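A quick write-up on the structure given underneath.
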4 protein chains.
Amino acid sequence: MPDKKRIIIAVVGGEQPSPEEARLAEEVGRELARHGAFLVCGGLGGVMEAACRGASSQGGVTIGILPGNNSEAANPYVQIPIATGMGYARNVIVVRSAQAVIAVDGSYGTLSEIAHALQNNIPVIGLNTWSLSKKGLSDKSIILARDAADAVNKALDSITNR
Amino acid sequence: MPDKKRIIIAVVGGEQPSPEEARLAEEVGRELARHGAFLVCGGLGGVMEAACRGASSQGGVTIGILPGNNSEAANPYVQIPIATGMGYARNVIVVRSAQAVIAVDGSYGTLSEIAHALQNNIPVIGLNTWSLSKKGLSDKSIILARDAADAVNKALDSITNR
Amino acid sequence: MPDKKRIIIAVVGGEQPSPEEARLAEEVGRELARHGAFLVCGGLGGVMEAACRGASSQGGVTIGILPGNNSEAANPYVQIPIATGMGYARNVIVVRSAQAVIAVDGSYGTLSEIAHALQNNIPVIGLNTWSLSKKGLSDKSIILARDAADAVNKALDSITNR
Amino acid sequence: MPDKKRIIIAVVGGEQPSPEEARLAEEVGRELARHGAFLVCGGLGGVMEAACRGASSQGGVTIGILPGNNSEAANPYVQIPIATGMGYARNVIVVRSAQAVIAVDGSYGTLSEIAHALQNNIPVIGLNTWSLSKKGLSDKSIILARDAADAVNKALDSITNR
């Protein structure tokens with residue numbers, strides 16, 4: 001891993017996760033903070049808030065790239081709110097600011113973030129999230145993880161190996 | 001269909017389609033023009049260019065939402081080039097400017113456009129494109145079409161029925 | 001002037017012009033259409049609507065780059081509505097899609113469009129609009145026009161001479 | 001000042017400041033850090049780098065909203081690089097993420113940031129920067145400061161008083 005530049009990892013996922021997925025996202029946040037990685041996300045509730053809460057509980061740094069104009073819309077665990085005023089186009093920024101992306105659950109917004117990451121050759125680690133196929137062939141680009149610690153390890157490995 | 005406002009339909013797809021998919025895209029463009037619908041796309045080559053060529057051949061209107069700063073990067077069949085300078089974030093604009101989206105083939109950029117459309121409740125018609133599933137369940141949101149005329153009819157129907 | 005590519009000229013200005021400035025904007029729209037230039041603007045009311053009304057009255061093409069998600073927010077004289085959903089960041093797109101910018105009156109949004117144009121070396125023609133100075137020195141980058149016809153002539157000349 | 005949310009202040013200015021203006025920007029960065037305010041900027045060189053260097057020297061937090069796709073384009077004093085890939089449209093984000101803006105010197109990009117801030121009712125403090133007038137009337141919206149400490153005080157006061 002680079003010495004000088006911080007590792008920044010995106011956690012993307014839906015606003016209405018199941019309790020189990022919220023626990024998973026929180027554990028991802030904790031693991032990222034334990035490894036000294038910064039967490040970037042869309043700054044709102046659900047998976048985003050759970051991940052920020054986990055990271056904060058371990059003293060980690062949390063960045064929220066918000067869709068609206070108002071930084072106060074950020075969840076309370078976002079330390080660095082960035083108000084883009086650009087609506088869902090902010091999804092592109094969440095992904096580009098990260099060296100790897102961990103997707104937990106999620107709906108079409110999360111799918112757009114997975115797609116933008118793959119389009120930009122940014123590794124995507126999946127936890128209970130989308131599967132992709134085209135013309136009957138399965139697309140294996142999303143790296144599957146079995147739990148939060150595995151997801152964070154695979155995200156960090158994907159950066160080291162690039 | 002609304003009287004006063006034009007129908008605008010997006011055609012999204014990859015820059016390197018097979019010859020068959022390029023023919024499909026061109027036929028989609030022709031059909032859109034025959035129905036008087038405007039075509040919006042990402043303005044570059046491949047599926048985008050084939051669709052614009054088809055629309056132009058029938059006197060249709062073609063709009064290209066470009067990623068770069070320079071309108072001259074548009075394919076020669078784009079009549080209205082819009083230079084966003086916003087890179088792939090322009091994918092969001094392509095989709096939002098349309099009442100329905102027809103996806104032909106395509107890679108991750110196209111997948112991001114499908115995702116943004118579904119996130120915004122804009123109907124997506126698929127021709128040889130991505131299939132989605134989550135946690136083992138197939139997602140049926142993409143309306144499958146069997147050929148170009150069927151895709152355009154389904155796109156127009158999806159607007160009428162909203 | 002290029003043969004193949006259309007001339008596209010932006011008209012920027014405020015939503016609450018005086019009656020005289022609205023007349024000026026309408027006349028700018030008419031003159032642009034008489035010269036066969038396409039008009040691009042922010043798609044809303046005031047100067048934007050007056051300019052589109054003028055262009056439409058002469059059979060000109062009008063493009064509106066809207067801040068919101070909904071094409072129906074466009075003024076009734078916009079033929080090609082582009083819904084960006086990006087708020088005021090759309091100002092950058094209005095300017096970049098044009099080969100020259102005509103500013104009529106306007107407030108801070110118009111000033112941001114003037115600034116983005118000058119930053120991108122796109123000529124700006126001013127009619128009753130902002131004046132700029134820095135550290136006591138007047139900035140002469142805005143080309144002053146005395147009336148609508150003069151503004152359109154200077155805009156077209158600025159493109160030819162580049 | 002709010003208890004829970006951090007104060008974030010933008011420092012905007014050109015990439016080629018005079019030595020005196022670079023010193024001014026560095027001192028602004030130092031003063032912001034001494035007051036515990038986070039610094040957000042465009043992440044590149046010149047005034048942006050000088051301000052980040054000043055803030056870093058006092059243990060302050062620095063955020064860089066970059067125009068390109070690559071976080072490594074940030075100046076070495078940026079701790080939180082955000083890669084937008086949106087070109088100059090990122091200027092809007094720099095401004096919106098701040099509660100007040102301090103402009104030091106600067107060219108048209110800086111002018112666009114001043115304009116976007118005033119459009120969004122975000123206070124702008126000016127140090128050797130643009131002056132605005134319209135139709136012969138001077139616009140007094142930019143709050144003039146005589147030195148770096150005065151600029152930071154006025155920025156903090158402008159937030160308290162809103």
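The table that follows gives values for the structure above.
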item: Near-label residues of segment B:111-140 by backbone N, under 18 Å of a point 7 Å along Cα→Cβ of B:ALA149; result: B:127
item: Shortest-first nm distances, A:ARG34 label point to equivalent points in other copies (7 Å, Cα→Cβ); result: 4.2, 6.3, 7.5
item: Alpha carbon centroid spacing (whole Å) that separates segment A:92-162 from segment B:23-92; result: 30
item: Residue mean of other protein chain beta carbons inside 10 Å, D:53-65; result: 1
item: Label-reachable residues, segment C:70-94, where backbone N falls under 15 Å from a point 7 Å from B:ASN69's Cα toward its Cβ; result: C:92-94
item: Convex hull of Cα atoms in segment C:33-81, direction-averaged projection (nm²); result: 2.8
item: Share antiparallel - DSSP beta bridges, the protein assembly as shown, percent rounded to 5; result: 20
item: At most 11 other Cβ within 10 Å, DSSP loop - trypsin sites (Lys or Arg not before Pro), segment C:112-149; result: C:LYS135, C:LYS140, C:ARG146
item: Overall dimensions of segment D:60-110 as given by Cα atoms, namely Rg and Dmax in Å; result: 11.0, 28
item: Per-selection Kirkwood Rh - segment A:41-162 (Cα, Å, 1 d.p.); result: 14.9
item: Relative exposure of C:ARG30, D:ARG23, judged by other C-beta atoms within 10 Å (fewest first); result: D:ARG23, C:ARG30
item: Cα-only Debye scattering, segment C:85-152: base-10 log of I(q)/I(0) at q = 0.15, 0.17 Å⁻¹; result: -0.46, -0.59
item: Over the protein assembly as shown: Kirkwood hydrodynamic radius from C-alpha pairwise inverse distances, Å; result: 25.2
item: Alpha-carbon Rg with Dmax, taken over segment D:115-162, Å; result: 11.3, 33
item: Segment C:1-95: Rg to Rh, with Rh as the Kirkwood radius over Cα pairs; result: 0.96
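Every number in this text was worked out from the coordinates using simple rules, so none of it is lab data. Note that the structure is predicted; figures quoted are calculated from it, not measured. When we count neighbours, we look across all protein chains shown, and the Cβ atoms used for this are built from the backbone with ideal geometry, even at glycine.
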